[in-house]
Amino acid sequence: LKEVEATSGTAYHTALRTRADFPDDTSDALAARLTAKLHPATPFTDAGVRKLLQRGREVFVDLLVAETARSIPTTDRDRLEEELIVLGFHGYSKPALERWQPTG
């Protein structure tokens, strides 16, 4: 996720890490923290932070599914789904599994 952030310029990793470090913060508080940390041209808003977190989670789960497929290794969706169930990630990864495209 750090690599995605570095290449895309979108603060997915930083936002998710900040949320994990400050789980009780409101969206306003997270926006203030991210603005102070990243110094963007336009300050983060509470709505912007919520959307950033949502998209960051999607990217994270897509990466998780892709890495799981590489680690088995498999290009078979059913086999990948079985592995995600065993790992306990299936409930979180259903949409990502639907988006997943085998490589190689």
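Taking segment 1-44 as the range and being surrounded by 13 or more Cβ atoms within 10 Å (Cβ to Cβ) and among the hydrophobic types (A, V, I, L, M, F, W, C) as the test, the residues that pass are Leu1, Val4, Ala11, Ala15, Leu16, Ala29, Leu30, Ala31, Ala32, Leu34, Leu38, Phe44.
Counting just the residues of segment 59-104 that are assigned to a helix (DSSP H, G or I) and hydroxyl-bearing (Ser, Thr, Tyr), which one comes out most open to solvent (accessible area, probe 1.4 Å)?
Tyr92
Within segment 8-24, residues that are in contact (Cβ under 8 Å) with a residue 40 or more places away in the chain have Cβ atoms under 6 Å from residues that are among the basic types (Lys, Arg) in these pairs: His13/Lys2, counting only partners at least 6 apart in sequence or on another chain.
The values are calculated or read from the model by the stated rules, or taken from the named source; none is laboratory data. The structure displayed is predicted, hence computed values, not measured ones. Because the Cβ atoms are built from the backbone with ideal geometry, glycine has one as well, and the counts that use them run over all protein chains shown. The accessibility values were calculated without ligands, DNA or RNA, using every heavy atom of the protein model including side chains. Shrake-Rupley method; radii C 1.70, N 1.55, O 1.52, S 1.80 Å.
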